[in-house]
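Here the structure is laid out as C-alpha cells; the discussion comes afterwards.
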Amino acid sequence: MNELTIMLVAILFPGVLLTVIYDNYTEHKPWDAFRYMLYSIISGIITYSFLQGLIFSGQFLYNVEGFRNTDWHILSVWGILQPENKEKINAIEVVVAGLIAVALGLLSVRISQGNAIHNFLIKYKVTNKYGDSSVFVKSIEITQSEYIRVIVLDEDLTFHGVAYLYHDNGSNLEITLTDVIAYETSTANEVFRANVLYISKPFGNLLFYTDINEDVNHEPRQTD
C-alpha cells in the first residue's frame, strides 16, 4: 500500500464511518457506489471542518485577548489541497475526527428520524417531496406508539397492534407488530393473539389505518 493510498484512506475514514452509521440506522432507498462515495467524501469534509472549528474555537477562547497573534493550528489533512505539500497526516487528527464522525452520525440519524428538515421544507413550500423514504414508511412513523389495524388483503386477515419494526425494500412491505390480535376481515371473528407478529407482503396486499377517536375534535395531523 503506497503513501498516497494510506493518505486517501485516512482522509476518507471519518466520512465513511459517518455514512455507514447513517446508512445502517435510517430508512432510505438503496445507494449506488457513486452516491455512497460522494456522501463519504462530503461527510469527511464536514467532520474535519467540525474538528477544525473546535480547534479554532478553543484557541480563540484561550487567547481571547491576544488572538490576533495566535499561531492558528491548521489540520494536516487540508494539506492534500496543496500539490507541493509533503506534510504527513497527523494520526491523532484522524482518530479524533473518527470519534466526531460517530457523534455526528448518530445526530444525523436522530434528525432524520425526527423529520425536522423535511417538515420545515414542506411547511414553507420549498418542496413537496418527503425525503428519501416511501409513503408507507412515513405513514408508519407518524403512528408510532399508536394501535393500528393492518389488513392483509389476499388472506382475509386483519391485525390490531402497535408497529414496532417496518421496512420497504422496493418490492415488499415488511412490518412487525406487537400486542397483536388477529381477526378474520370478513367476519371480525378473533383468530389468535400474539406478542410479536411479522408480516411481509408485495405492494398492494397491505392496508393499514388507525381507529377514529370520536371524543376528540379532529384536525389534520401535524408531523412536525
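Every number here is computed from the coordinates shown, using simple stated rules; none is lab data. In this text, all values refer to a predicted model and were calculated from it rather than measured experimentally.
For region 136-206, what does the alpha-carbon gyration tensor say about shape, rounded, prolate or oblate, given a ≥ b ≥ c as the root eigenvalues, a/c under 1.5 as rounded, and a/b over b/c as prolate? Oblate shape, in that a/c is at least 1.5 and b/c is the bigger or equal ratio. Under 5 Å from the amide H of Tyr166 lie the amide H atoms of Thr176, each residue being 5 or more positions distant or on a separate chain, with H modelled from the backbone and absent for Pro and chain starts.
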